[in-house]
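We did not get these values from a lab; they are worked out from the coordinates using the rules stated. The structure presented is a predicted model; accordingly, all values stated were derived computationally and were not measured. Cβ atoms come from the backbone with ideal geometry, glycine included; neighbour counts cover every protein chain shown.
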Amino acid sequence: MKHIFSVLLFFVVFVSAKGQDVVSGDANNNGIVDHFDILNIGYAFGTVGPALMEHGEDGVFEIAVFWEEYFPDGLNYAFADTNGDGLVDWLDFISVFTYYGEEHMPVQPVGSDDGIPGVDIPLYFGAPQGGLPLTAGSQISVPVYLGTADIPVSELHGLALTLEFNSDFCASVDFEFDDSWLKLNSAFLFEAPQVINEDGSEGIGKMDLAMTHFGPDSTSSGYGQIGTMNIIIEDVLVGLLPVKDSIDVLFSVKEVLLLNGDPLAVPVVKDTLEVMVYHPEALVANSDDIPMETDVHIFPNPSSSSYRIYSNKPIEKIEVYGLLGNLISVRDLNGKETCMLDATSMQLKQGTYILIVYTGEEIIKKKVVYMSD
Ligand SMILES: [Ca+2]
Ligand SMILES: [Ca+2]
């Protein structure tokens, strides 16, 4: 009886497999070839299965027999063999490069859910380092972090993310992964060609990035810096920015997929960085008003638990005020460049607060929003 059952099961699997197409590069079968596909190939890396059948169409293969293994979402491993040769390996990564951005059916969005600040793993920027204040031709580097000591990352298998920024003001943006806790010696890195002004929308630049470990047993755990974003501001700001003016340029983590060792998507809290870019003449005209040598970044903001403060200069103290000017808390930092402010211990109520950050030379004012649970 058991024998008959397994024959029957084989027959059902075989029959239902017929006619399913694998489109080269679309390893998660969501309709588009992009950086998220890297993660499925990385997880299934080294797996062998029945080769796929050549199709009449270029870059399309038909599954003759399903493979033994399935991803947790029910997708068969045959989809990770995006060149159809019966092995998941480097050639399948190359298929992603070759067919990058191609769509072949309505695209199903993939990615981690938006996390809850203070609960889920944060992906966030540190304070920009380098040529501040920013103007034509300035260069800065911005550290990018994943996880904190309180909310570390456990068994990361792969990470894919999209950074979005105002490309009108950026001559170049690139990203380098860091070889710290990510253990890059056993991982594959991927940076897609930058897509500028996608869909004709003015001035939106996108950078797709991915890293993955190989095979289901390799992961990394930890927290802290995972890389650096290097930004060069346009040489010529004429026509982009009125003379003597300035503008906030935003860098946002738009989409993220963080896979753990299962491999399941883990919620992530995403960050946006604002940097002020000045017209060169604005710096001359208002030099008294714009010391701006110091850059302070706060994450998460809004928050329902605590705020991490980053500065590129040593901080003496931070004062927290209510909107009516009432002093709520003072924190002495004695020259540290980062600290955590806990909303609960300051007994904040839902609302907006002002942080005054004192360095040796400057006083910087920042707004934070507290959202009680
Ligand atoms: Ca895909
Ligand atoms: Ca293959």
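Consider a paramagnetic label point 7 Å from the Cα of N260 along Cα→Cβ; state which residues of region 90-134 have an amide N under 17 Å from it.
It comes to 111-123, nothing else.
Please find the FRET efficiency linking D245 to D113, where r is the Cβ-Cβ separation and R0 is fixed at 30 Å, and quote it to the nearest 0.05.
Step by step, r from the Cβ atoms, then E = 0.20.
Could you tell me which of I233, Y278, W90 has its Cα farthest along the dipole of the chain towards the positive end, charges placed at Cβ (Lys, Arg +1; Asp, Glu -1), taken about the Cα centre?
Y278
What is the packing order of peptides 349-355, 36-42, taking the mean over residues of other C-beta atoms within 10 Å and listing the highest first?
Details: 349-355: 14.6, 36-42: 28.4.
Averaged packing, sorted descending, gives the order 36-42, 349-355.
Along the Cα-to-Cβ line of A64, 7 Å from the Cα, sits a label point; which residues in region 85-108 have backbone N less than 16 Å from it?
85-87
Just list whichever of K336/K365; K244/K313; K336/K366; K183/K317; K206/K317; K244/K270 have alpha carbons separated by over 29 Å in the model shown.
Details: K336/K365 18 Å; K244/K313 26 Å; K336/K366 18 Å; K183/K317 36 Å; K206/K317 37 Å; K244/K270 33 Å.
Exceeds cut-off: K183/K317; K206/K317; K244/K270.
Find the relative contact order for region 129-270 and round it to a whole percent, using C-alpha pairs within less than 8 Å whose residues are 6+ positions apart. Before the final figure, lay out the partial values.
Details: 302 pairs, mean separation 55.9, N = 142.
Averaging sequence separation for qualifying contacts and normalising by length gives 39 percent for region 129-270.
For the ranges 266-277, 21-32, 324-335, 168-179, what's the packing order if you count other beta-carbon atoms within 10 Å of each residue, average per peptide, and put the highest first?
In descending order of packing, they fall as 21-32, 266-277, 168-179, 324-335.
With each label point set 7 Å from Cα along the Cα-Cβ vector, what nm distance links K367 and F97?
With each label point 7 Å from Cα toward Cβ, the separation is 4.6 nm.
Size of the dipole of region 111-292 about the Cα centre, Lys and Arg at +1 and Asp and Glu at -1 on the beta carbon, nothing else charged, in debye to 20?
Its charge dipole is roughly 280 debye.
Placing +1 on the Cβ of each Lys and Arg and -1 on the Cβ of each Asp and Glu in the chain, which of M211, I121, M340 has its Cα farthest towards the positive end of the resulting dipole?
Working it through, the farthest residue towards the positive pole turns out to be M340.
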